[in-house]
Structure formats: C-alpha cells, structure tokens
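Here is the structure we will look at, set down as structure tokens.
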Amino acid sequence: MGDEWFEYDGDLGETERRFVEALRIRAAHWRASPLDSRVDPPDADLPLIASLDLSDPVAHCVLMTLGVHLDGRTLRGDEVHNQLFTLPDEPTKLAFAATGEPEELATRAANWFDATLRRPVVRCEWTLTRQIHLFADTGEIVGDGDGRRFCSPGQLDRMAATGRLDGGRWVDAGGFRQPDLVVRVR
C-alpha cells in the first residue's frame, strides 16, 4: 500500500472512479493513517469495495474492518469480513445504506468512516488473562476478536450492555472484576 487513502490497482468504470476520487478527497483530511485502507474494483461476484481497518497499534491487532459496497447508485456500509470484505448476513448497529450520485455516496461513506474513526476506543486488560476493546462512548465490543473467547458470548454481551466507562475507569462490569488497566486506544 502507498501513502494515500483508498489506493487501488486496475481500471474503474466512470461511476466507481468518481466515487473513489470524491472519497479520497474527503479522507485526506482525516487524522488517522491511510495505510490500512483499500479499494477493490468490482468483479463478477462483488461490487466495488472500499474498506479500512480500525486497529490498535500498541496491541498490534486489527479490531474490525469497515467497508462500503458500491453497486451503481446504491451504497451499503457495515463491518465487513476482514479477508473476504463481504457484508454480514445480518446488518450490525454500524450498518447504513444510501442511494444517489457517486459524489453524494462518497460523502455519506466518508462521513460514516470518519465518525467511526473518531469514536473513542479503549482496551480493557486483565493481567495474565485477556483483553477486550470497547467503544468508550457506548460500551459496545469492537469486533469479534479475542473477547468472544474470554467468556461465553452471553456473558460478554451482558457485560457490554451493562458496563460503562467513566473517565477511563470501569464502573459497572456486570459481574466481572474491574480490569487491571483501561487504555485509551484512539
């Protein structure tokens, strides 16, 4: 990858090119690094896909991959599979859809990516056990990584639903002891 947002190889049609160029202009103003973004031109099975990774550089892990699928005048965005870049069968809370001209859709995609990149993320660590990443503003678990193996999915979902962060301190962990450390990731 280069040092610009949403780089791609190959040829794009007029609609896709207009979308990507408008998206790149908007992304140039983001404070995050462009190194984890990409564009996959459409092929026989998938439409154009623009994606980026939400990462924790200290823990050296990708927390989730966000992506948008552009199919003509229709845009759908959500957390995508980190290798196949497919949308989930059931939309997540992050999902959105829009229709319009390529530049309008690029603005919607850029606003969605930027809003998600701006959300605060913290890493809760328990010494010698595990760590999970949460959006600090809602307590939602970021991605489905190691956290799902820390305890049963039901317990972890209940913790995310009832736990909250207050000034970087765990207040109500829904039956879990306080983390040994809460680190602001972004």
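For region 73-86, the tally of residues that are over 13 Å from the mean Cα position of the chain (by Cα), modelled with pLDDT of 95 or more and not aliphatic (A, V, I, L, M) stands at 3.
Residues that are more than 14 Å from F113 (Cβ to Cβ), part of a loop (DSSP other than H, G, I, E, B) and not charged (D, E, K, R) do occur in region 25-42. Candidates are the residues of region 7-28 that are small (G, A, S) and open to solvent by less than 50 Å² (accessible area, probe 1.4 Å); the one that is nearest to P57 (Cα to Cα) is A27.
Is at least one residue of region 29-43 of a type in the set (D, E, K, R), in contact (Cβ under 8 Å) with a residue 60 or more places away in the chain and open to solvent by less than 40 Å² (accessible area, probe 1.4 Å)? There is no residue in region 29-43 that is of a type in the set (D, E, K, R), in contact (Cβ under 8 Å) with a residue 60 or more places away in the chain and open to solvent by less than 40 Å² (accessible area, probe 1.4 Å). When region 72-89 is filtered for residues that are surrounded by 14 or more Cβ atoms within 10 Å (Cβ to Cβ) and assigned to a strand (DSSP E or B), the ones remaining, listed by number, are L75, R76, G77, D78, E79, V80. Among the residues making up region 11-24, none is assigned to a loop (DSSP other than H, G, I, E, B) and under 17 Å from A115 (Cβ atoms).
Being among the hydrophobic types (A, V, I, L, M, F, W, C), open to solvent by 90 Å² or more (accessible area, probe 1.4 Å) and at pLDDT 90 or above is a description that does not apply to I49.
The values are calculated or read from the model by the stated rules, or taken from the named source; none is laboratory data. This one's a predicted model, so the numbers in the text were calculated from it and none came from an experiment. When we count neighbours, we look across all protein chains shown, and the Cβ atoms used for this are built from the backbone with ideal geometry, even at glycine. Areas reflect the complete protein model, heavy atoms only, side chains present, ligands, DNA and RNA absent. Shrake-Rupley method; radii C 1.70, N 1.55, O 1.52, S 1.80 Å.
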